[in-house]
Every structure is written in C-alpha cells, then in structure tokens.
Amino acid sequence: MPETAAYDPLLRWIHWATAALFIAAMLIGLYCGLQPPGTSPRRELLEVHKSLGITLLFLAILRVLVRARTSAPPEPRSFGPMVLLASRLNHWALYLILFAMPVTGYMFSSAGGYSLKYFGTFSWPRLFAGDKAVAHNGEIAHDTLAYLVYVAVGLHIAATHWHALVLKDETLARMWPVAGRSKPQP
C-alpha cells in the first residue's frame with residue numbers, strides 16, 4: 001500500500017501542539033469569563049491563558065514559515081468545490097484567530113495595566129500603557145473574536161469527525177501526527 005500523502009512532519013507536530021494549547025487557552029478563557037474579576041483562581045488562570053496565547057502566536061508564526069517552505073499534499077478526491085471552499089474559509093478563519101486573539105489580548109492587557117508575565121518568568125513590554133481607547137478596543141475585539149473561535153474550532157472538529165467517521169476518507173491522515181497508510185485511490 002502506498003504511504004498516505006501527508007503534510008510535513010514538523011507542520012503536523014505544530015498543528016497538534018497548537019490544537020492542544022488552543023483548546024486549553026479557550027477553556028481557561030471561557031472559565032475565567034464566568035468568574036468574578038479579581039478573584040482567585042481567575043487571576044492565576046488568566047496569567048496562564050495569556051502565556052498560552054503568546055505561545056500560540058509564536059507557534060502560528062513558525063507554522064506559516066514552515067508551511068511556506070513545504071508543499072501541501074493533494075486534496076482528497078472526495079472534496080467537491082463546496083467542501084474545498086468551506087475547508088479553506090475555515091482554515092483562513094483559524095489562522096486569523098491564531099494571530100488576532102493574542103494581539104488583541106496583548107493590546108487589552110498592555111493598555112489596561114494588567115499583568116503581562118510569561119509563565120511567571122518575565123514581563124512583556126507595555127507598548128500601549130495607559131491608553132484607554134486601545135484597552136477598550138482590544139477588549140471588545142478579543143471578546144468578539146472569542147465567539148468566532150467557538151464557531152471555527154467547532155466546525156473544524158465537526159468536519160474532521162465527519163471525514164474520519166462518516167466519509168472514511170484520508171483527510172485526517174494528512175495531518176495525523178504519524179503519517180498512516182492508506183488504500184490506493186482509484
């Protein structure tokens with residue numbers, strides 16, 4: 001049997017590391033949003049949330065650089081034009097989120113006077129210190145993008161399950177951490 005056409009191994013590793021960190025940051029952010037401001041463990045968890053966000057920004061940059069230097073496997077033949085369009089739109093939305101969420105969170109924290117410690121080690125510089133407009137706009141953008149996160153991630157996970165469990169095509173194998181074997185396509 002031929003080897004499944006898959007993405008570069010480093011790109012697959014970045015994808016799954018991003019997925020794990022992204023879901024953790026998303027769940028922490030959701031939980032903290034339900035807790036009263038200034039309380040514990042909300043404060044401590046927000047530090048982790050922000051640190052995960054910055055880590056995700058650096059992973060997104062690395063992902064774009066690796067993707068630019070590697071080729072993508074061909075799309076499965078089962079993809080029609082609408083599936084291909086939906087897939088591309090969702091992936092672009094996920095990339096937008098990976099860049100915009102940490103940036104808007106940084107704007108909000110930097111301008112709003114909130115802690116910017118990276119996993120308790122050092123503090124990021126405050127480029128927008130005391131700018132109330134930047135703090136307000138960063139908070140609104142970050143909160144608004146959070147809803148887009150739930151939709152885009154939900155669609156991505158649902159589509160992955162649809163392809164793996166219902167269509168049983170090679171979509172998941174292209175990004176699986178260890179490239180699997182596939183049946184030859186007719």
For region 33-143, averaging the sequence separation of alpha carbon pairs under 8 Å that lie six or more residues apart and dividing by its residue count, the contact order in percent is 29
For Arg69 and Val151, extending 7 Å from Cα along the Cα-Cβ vector and measuring point to point gives, in nm, a value of 3.6
Phi angles of region 28-33, converted by Karplus (6.51 cos²θ - 1.76 cosθ + 1.60, θ = phi - 60°) into ³J(HN,Hα) in whole Hz with x for Gly and Pro, give 5, x, 4, 4, 5, x
Sorting Leu145, Phe122, Ser71 by the position of each Cα along the dipole of region 33-151 (Lys, Arg +1; Asp, Glu -1; all at Cβ), the one nearest the positive end of that ordering is Ser71
Contact order relative to length for region 105-172, counting C-alpha pairs under 8 Å separated by 6 or more residues, stands in percent at 26
Filtered hits (aspartates and glutamates, Cα-Cα < 16 Å from Lys168, offset >= 8 within chain) -> Glu75
Contact order relative to length for the chain, counting C-alpha pairs under 8 Å separated by 6 or more residues, stands in percent at 33
Listed residues Leu116, Leu11, Leu84; largest mean-square fluctuation, Gaussian network over the chain with Cα springs below 10 Å, found at Leu84
At 10 °C and 1.306 mPa s, the Stokes-Einstein diffusion coefficient in µm²/s for the chain, with hydrodynamic radius from the Kirkwood sum on alpha carbon pairs, is 87
Using alpha carbon centers only, region 33-83 is separated from region 138-180 by a whole-angstrom value of 11
Residues meeting the amide H criterion for Thr171 (H placed from the backbone, H to H distance under 5 Å, 5 or more places apart or on another chain) are none
Using the Kirkwood formula on alpha carbons, the hydrodynamic radius of region 1-83 in angstrom works out to 15.3
Ranked output for segments 137-149, 154-166 by mean other Cβ atoms within 10 Å, highest leading, reads 137-149, 154-166
Dividing the helical contributions, -39500 (n - 2.57) per DSSP H run of n ≥ 4, by the residues of the chain yields a 222 nm value, nearest 500 deg cm²/dmol, of -22000 deg cm²/dmol
Computed about the Cα centre, the charge dipole of the chain from +1 Lys/Arg and -1 Asp/Glu charges at the Cβ has a magnitude in debye, to the nearest 20, of 240
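Each reported figure results from applying straightforward, stated rules to the coordinates on display, with no laboratory input. Since the model is a prediction, treat every value here as computed from it, not as a measurement. Glycine also receives a Cβ, built like all others from the backbone with ideal geometry; neighbour counts cover every protein chain displayed.
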